[in-house]
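One structure is given here, and the rest of the page talks about it.
The values are calculated or read from the model by the stated rules, or taken from the named source; none is laboratory data. Bear in mind the structure is a predicted one, so any value in this text is a computation, not a measurement. Positions of Cβ are generated from backbone atoms using ideal geometry, with glycine treated the same way; all protein chains shown enter the neighbour counts. Protein only, heavy atoms only, side chains kept; ligands, DNA and RNA dropped before computing areas. Shrake-Rupley method; radii C 1.70, N 1.55, O 1.52, S 1.80 Å.
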Amino acid sequence: MKKIKIAVIITKLELGGAQKVAISLCEKLDKTKFEPFLICGCDGILDKETKDKVRVIFVKDLVREINPIKDLKALFSICKILKEEKPVIVHTHSSKAGILGRVAAKLCGIKNIVHTIHGFSFNDTQSFIKKNTFIFLEKFCARLSSVLIPVSTENITKGLKNNIGKKEQYHYIRLGVDINNFKNFSQTPSLKQELKLDKDDILITTIGPFKPQKNLPDFIRLANNLSKSDNRFKFVIVGDGILRQNFEQMIKDFNISNNIFLIGWRRDIANILNSSDFFVMTSLWEGLPISTIEALCCGLVPIVNDVDGQREIIKNGINGFLITPYDIKSIQEKILLLTNDKELKQKLSENAKNCIDNTFSIDCMIKQHENLYLSMNSFINK
């Protein structure tokens, strides 16, 4: 059988769920059946290590920010690559790459266009104009797509509610993680030692890029409230981004520099989560957050905002807690509840670890993609 050539397109190689999926597809698809390659923007934290493992074509003008000139250049560049490479399938990830990649594929006459929805780009916190502009773009691009892959059932509900695509276009594939690495972490957790924390300190961790979606100012406000009432509480933000200076100024204004640490992008997430006592996520929207799945694997009890894909994996009061966005007080109350009730925390921790089975594994995710690609190729060759 002739190998199926697949162009995987993503905006930037950062340490996010969409990036992990895109890289995993290029790295782990069966090479006897598939010939994947990656198209992405430049200057991502994972650029070097990714190009050492898979074939990558960088597009310098493919950037996350809206820039009409660069966006048009990126579109032309992607079209040129697709015409030269002639992939059978184009599979896009993330908002910007999802728009430019699908338009380019259509312009190049490629019929098999797949897009993974890692959470929609619109939400109820946006202005009417901004929200409806994003909905229009999602509708338009859905019409260019053969298949839409939601990573959570919430994506399907939200998409169809807003008339984005047709029901038959949706093909649900959950995100996958390296379950064994997190559940059976074999090293000694070392983050508390690295940060020179006392053995009685309580470490609360969040993970995510420094962008509005993650709503990190709420996490910093939480740190201010809890650390001022009890100095044992320490906080870690794993990630980075253009808002870093804003967050550093907030921390300085609150005078909590000794209680909250911005440790940048890290590769040792299993170590960080196994070093932590709590996992908190204050996002305003999510697809299916990989970091929450990883936290569950480690037996942490996630305390997260009640949005999109979080509802799919967190059962309130059973394996974690779902909090109304911006309700910092409720997050604080849950942390104090579990801090003071060790038996309840242990029960929820066991539930958290046990709720993640092999359907959340990378291997399961890859196999589902392979079956989808093969079914598309079978249809093409009829």
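Couple of notes before you dig in:
- Estimated purely from DSSP H runs of n ≥ 4, each contributing -39500 (n - 2.57), the mean residue ellipticity at 222 nm for the chain is -13500 deg cm²/dmol once divided by its residues.
- Distant-in-sequence amide contacts of Y170, defined by a placed amide H-H separation under 5 Å and a gap of 5 or more residues or a different chain, comprise L148.
- With Cα atoms defining each centre, the stretch 277-302 and the stretch 343-375 are spaced 13 Å apart in the structure.
- Sequence-distant residues sharing a close amide H with V177 (under 5 Å, placed H): S361, I362
- Cross-link partners of K211 among aspartates and glutamates, defined as those whose alpha carbon lies under 15 angstrom from its own and excluding same-chain residues fewer than eight positions apart: E14, E65, D240, E248, E286.
- Choice from I66, I135, I303 showing the highest fluctuation, given a GNM over the chain with Cα pairs closer than 10 Å: I66
- Distance violations [Cα-Cα > 21 Å] among K33/K111; K130/K214; K5/K70; K96/K131; K12/K192: K5/K70; K12/K192
- Separation in nanometres of the label points that stand 7 Å from Cα toward Cβ, at F140 and E49: 3.7 nm
- Ligands, DNA and RNA left out, the accessible area of the stretch 1-132 computed with a 1.4 Å probe is 56% carbon and sulfur.
- Average accessible surface for the stretch 161-307: 42 Å² per residue, computed with a 1.4 Å probe over protein heavy atoms with every protein chain in place.
- As a fraction of the 1.4 Å probe accessible area of the stretch 171-279, surface on carbon and sulfur atoms comes out at 43 percent.
- Antiparallel content of DSSP bridges confined to the stretch 234-309, in %, to 5: 10 percent
- Computed over the chain with a Gaussian network model linking Cα atoms closer than 10 Å, the most mobile of E49, E85, E350 is E49.
- Fluctuation leader among T188, T205, T11 - the chain, Gaussian network, Cα springs under 10 angstrom: T188
- Here the accessible area is traced with a 1.4 Å probe on the protein chains. For the stretch 284-382, carbon and sulfur cover 49 percent of it.
- Among the listed pairs K51/K183; K48/K139; K60/K166; K167/K334, those beyond 32 Å (Cα-Cα): K48/K139; K60/K166; K167/K334
- Cα shape, the stretch 304-365, gyration tensor, a/c 1.5 rule: oblate
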